[in-house]
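Okay, structure first, notes after.
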Ligand SMILES: [Fe+2]
Ligand SMILES: [Fe+2]
């Protein structure tokens, strides 16, 4: 007996091959003019964007650390490829206006498919949607003219590199937890059917299939799901975790830096929530935010790798939980983003610069390289913050501020929790290193 889902895909692929490009084609059948390529790429681009959102949304919902970080990576790959398509479209007539967003039925397809009852189901749906996109790319790559439209061909070659990830995704669909894989994949196939796959003419009012009777486990649960190998820090937020010997056996050593890196998974998760929640911003914003999220996931991977190399287990340390922990609106995300990029990240430079020097003096070149790569990423993140923070304040808090004013407001809010007098608060604000010393923890650079 054939698999009905595969039949759906095969039919669709046949259609692409037999009728040439009936759906992705604007005009004549056989030869694409530049505007046809632009039109076809535009249809594909929004699917990359929605796959990126869907995987980011499931990153905090996944439990296993390696699954989280892989989803951050996949989300970034979808955005990286969207960006390449975007650049090519802009070289061609027709272009892509700044105001264009994912067509509503396509966005709804992915948002519905993302409401899976468990990880295995999510991955089964993801595999189906991503696999369908890959088939579209393959058909387009064979159709375009290899001389006239070679720049598009080169981009499709790169974009198609990520199809090898389907094997990993399929593996998750088979093995993650005790999933209801069998029910969810046909449902996602029906969702696709409601808009004919979402690559052609879109219905104004799609008739969506009935939602299976199961509580969604994602995307973006109220608080991030925690890997039991990463126990949470149980004390109040006012107690500084990075200065607490109960939270890390590396307290009092410059190697504490690696522990701090290991905890950055919660920063990556917070950015993943934001990526899913914030809608309607310019495409560039999502390109930057996705890179930021993936960088923080990489920083945690690098921290975890190093503490293990140094003979520790992740269970020897304590961690923050990602996510707002309550229903958060866009204004909450704007504040969180400003606090990350205007306080946490710039303050971390002071520590990182000193740590890099210390690691080199102690002859630990690998640890020094960790911190130096980290600083290069963080510099970029602070620049993202200066660029997008004021935009978020304007759009979601109705607050017109320059980057400088936003940074000041964010720092004042940070100091408020310490209950300083007016004069002391003003003094601390005037001196950035003093502010950082006050709000974050110094490391012991003279001890390895
Ligand atoms: Fe980081
Ligand atoms: Fe960062």
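General observations
- Residue order for 137, 110, 242, fewest other beta carbons within 10 angstrom first, comes to 242, 137, 110.
- All Cα-Cα separations within region 241-439 were binned at 10 Å from zero, giving a P(r) of 8, 33, 36, 20, 3, 0, each value a whole percent of the pairs.
- Calculated [222 nm] ellipticity per residue, helices only, for the chain: -20500 deg cm²/dmol; basis is -39500 (n - 2.57) per DSSP H run with n ≥ 4, divided by all residues, nearest 500.
- Cβ-based exposure ranking for 258, 326, in which fewest neighbours within 10 Å come first: 326, 258
- Degrees between helix 283-309 axis and first principal axis of the chain (Cα, 0 to 90, nearest 10): 60
- Directionally averaged projected area (convex hull, Cα atoms, region 394-436), nm²: 3.5
- GNM flexibility winner over the chain from 32, 273, 76 (Cα, springs under 10 Å): 32
- Measuring max minus min along each principal axis, the C-alpha atoms of region 125-183 give extents of 50, 18, 10 Å (largest first).
- Residue 215/residue 327 FRET efficiency (R0 25 Å; Cβ-Cβ; nearest 0.05): 0.90
- Computed on the Cα trace of the chain, the radius of gyration divided by the Kirkwood hydrodynamic radius gives Rg/Rh = 1.01.
- 0 to 90° range, to nearest 10: angle between helix 150-160 axis and the chain longest Cα axis: 70
- The angle between the Cα long axis of helix 65-91 and the longest principal axis of the Cα atoms of the chain comes to about 60 degrees, rounded to the nearest 10.
- FRET efficiency, 1/(1 + (r/R0)^6) with R0 41 Å, evaluated for residue 416 and residue 134 via beta carbons: 0.25
- Region 423-448-region 291-353 distance, computed between alpha-carbon centres (Å): 19
- With R₀ set to 22 Å, the beta-carbon distance separating residue 91 from residue 145 gives a calculated FRET efficiency near 0.90.
- Short-range pairs are left out: with C-alpha atoms under 8 Å and at least six residues apart, the relative contact order of the chain is 17 percent.
- Fewest neighbouring Cβ atoms within 10 Å first, the residues 168, 388 line up as 168, 388.
- Here the average projected area of the convex hull drawn through the C-alpha atoms of region 339-448 stands at 7.7 nm².
- Based on Cα contacts under 8 Å between residues 6+ apart, region 241-439 shows a relative contact order of 20 percent.
- Cut-off 11 Å, label 7 Å out along Cα→Cβ of residue 202, residues of region 46-60 by amide N: 46-47, 50
- Linear extension gain, residue 236 paired with residue 427, 0.36 nm per residue minus alpha-carbon span: 66.1 nm
- Entry note, region 47-101: relative contact order of 34 percent, from Cα contacts under 8 Å with a spacing of 6+ residues.
- Spin-label model distance (nm) - residue 30 vs residue 164, 7 Å beyond Cα toward Cβ: 3.7
- Region 359-407 and region 197-225: distance between their alpha carbon centers, rounded to Å: 34
- Gaussian network model of the chain, springs between alpha carbon atoms under 10 Å - residue of 158, 195, 79 with greatest fluctuation: 158
Any read-out appearing in this document is the output of simple, stated calculations on the displayed coordinates, not a laboratory observation. Worth saying up front: this structure is predicted, and the values here are computed from it rather than measured. Please note: Cβ atoms are built from the backbone with ideal geometry, for glycine as well, and neighbour counts cover all protein chains shown.
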